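What follows draws every value from the coordinates through simple rules; no lab data is involved. None of these values were measured; they are calculated from a predicted model. So basically every Cβ, Gly included, is an ideal-geometry build from the backbone, and we count neighbours across all protein chains shown.
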Amino acid sequence: MKLLFILTYYRPHVSGLTIYVQRLAEALVGHGHRVTVLTSQYDKLLPSQETLNGVTLVRVPVSFWISKGVIMFSYPKVILPLLATHDLISIHLPNTPMEAMIVPFLTRYLIRRPITATFHCDVKLPDGLFNRFVNQAVFGSNLIAGLLVDRVIAYTEDYADHSRFLRLFRKKREIIPPPILVEAPEPASLSLFRLRQGPHGEPLIGFAARFAAEKGVEYMLHALSLILKEIPNVKVLFVGEHQNVIGEGRYRERLKPLLAKFRNHWTFLGVLNPKQMATFFSVCDVTVLPSINCTESFGLVQVESMLCGTPVVVTDLPGVRVPVQLTKMGRIVPICDVDGLATAVIEVIQHRKRYVRPRAEIEHYFSMEKTVRSYETLFENLVKLYGREQIT
């Protein structure tokens, strides 16, 4: 099949959504399909077209920004020939109103191709009159997309049952667990990483995320002051984008005093490659996912941590709590609860063996191969339903 994936951001931008789509796209290429990704040229230094790990990328220049959203005036001209030369269109929501409304409309009524929407999370921008307008605009446009697409894909039943958007599309809903992929760490890298980050045997707390308000960074910083009373030499290792994160400049500035206070116990490691991530997860004593709202629908990193043998502490959010509920490999704590977060982290560090589960138990629930096969079967059935011969 020739598949066209459409989303606002793609690699090298790092987020759960971009990692999800990259893994899925590259795995489908590995199964013999031809995959194109249409996305924004959010950085002018990025090429307008390139091939990355077998996936063809087409980037549309950004005309201007509205918060984290982008407006691309040349989008209609670029997308029409792409829609006509692919067997199936896969959009990824939430998306900008232009992409969320125009793409499904053109696909359904003009090009007449099957189209699916993978829904990654509800949008919830910080309080403010303008942000409330943006929230409603995104919801409205995504609602139109949901009405026009053939299937709406969610990560878990738990999140789907609580999502403002997904609750409206029960008859179209498909539940497919997200693509989880963890590379095997090199043995020599484990001891070197541990020696570098915890030379005196310091317990290591892993935090893999963008430095963003919805990730609950401030709650982990406040919890750290309580954890240090019980475990004085503990360190937090923060992996992911933490400087110049789109839309998070003020948030980072507000937390500067806390970061300075804990500079001896909080280390930024930046963006790591897949092998480095496996090393990071394997060496940490516990990882945390203290997200605070519905913009977090699952948390791929927590399952990656489990597969590397490290238990997790996560907040009690729909979808996010599912991996711990299924595997018992960690603790679930109330949202925005500093005391609860600190207590759970201390408990897991001090009684770590109670929470560790064999890798096979985790893979029983979350398998990259199962996810790719589920997508592949869905796509093939929709192409057949439209009665189309696959484009060669």
Exercise for review: Let me know the volume per residue of the alpha-carbon convex hull for the range 287-392, in Å³.
Suggested key: 118
Check your understanding: In whole angstrom, how far apart do the alpha carbon centroids of the range 219-253 and the range 91-114 sit?
Key -> 38
Point to revise | the chain - percent relative contact order, Cα under 8 Å, separation 6 or more | key: 15
Point to revise | the chain: most fluctuating residue of THR107, THR377, THR315 per GNM, C-alpha cutoff 10 Å | key: THR377
Check your understanding: Angle between the Cα long axis of helix 75-84 and the longest principal axis of the chain, 0 to 90 degrees, nearest 10?
Key -> 70
Check your understanding: Going by alpha carbons, how many degrees (0 to 90, nearest 10) lie between the helix axis of 16-30 and the longest principal axis of the chain?
Key -> 60
Revision key, fill the gap. Cβ density ranking, 10 Å radius, fewest first, applied to LYS235, LYS261, LYS124 yields LYS261, LYS124, LYS235
Check your understanding: Summing Lys, Arg as +1 and Asp, Glu as -1, what charge do residues with Cβ under 15 Å from the Cβ of ASN131 carry, ASN131 excluded?
Key -> 0
Study note, to complete from the structure: Placing each pseudo-label 7 Å from Cα in the direction of the beta carbon, LEU52 and THR85 end up separated by a distance in nanometres of 2.0
Check your understanding: Simple spin-label model, 7 Å along Cα-to-Cβ: PHE262 to HIS351 in nm?
Key -> 2.3
Review point. Expressed as an acute angle from 0 to 90° and rounded to the nearest 10, what is the orientation of the C-alpha long axis of helix 129-148 relative to the principal long axis of the chain?
Key: 50
Review point. Measuring from centroid to centroid over Cα atoms, what is the spacing of the range 279-353 and the range 19-86 in Å?
Key: 32
Exercise for review: Just rank HIS242, HIS364, fewest to most, by other beta-carbon atoms within 10 angstrom.
Suggested key: HIS364, HIS242
Review point. Do the sum for the chain: with -39,500 (n - 2.57) for every DSSP H run of n ≥ 4, divided by all residues, what is the mean residue ellipticity at 222 nm, to the nearest 500 deg cm²/dmol?
Key: -12000 deg cm²/dmol
Exercise for review: Would you kindly state how much longer the chain becomes between ARG373 and LEU385 on full extension, computed as 0.36 nm times their sequence separation minus their alpha carbon distance, in nm to one decimal?
Suggested key: 2.5 nm
Exercise for review: Work out, step by step, the length gained on full extension between ILE71 and PHE105: first 0.36 nm times the residue separation, then minus their alpha carbon distance; give nm to one decimal.
Suggested key: 10.4 nm
**Study point:** the range 313-390: GluC sites (Glu not before Pro) in DSSP coil with no more than 11 other Cβ atoms inside 10 Å
**Key:** GLU389
Check your understanding: Which order do GLU186, GLU99 fall in if you start with the one that has the fewest other Cβ atoms within 10 Å?
Key -> GLU186, GLU99
Review point. At a Förster distance of 30 Å, what's the computed FRET efficiency of ASP337 paired with PHE64, Cβ-Cβ distance as r, to 0.05?
Key: 0.15
Point to revise | Extension gain, SER189 back to HIS31 (0.36 nm per residue minus Cα-Cα distance, nm) | key: 53.8 nm
Study note, to complete from the structure: Which of ALA212, ALA27, ALA260 fluctuates most in a GNM of the chain (C-alpha springs under 10 Å)? That residue is ALA260
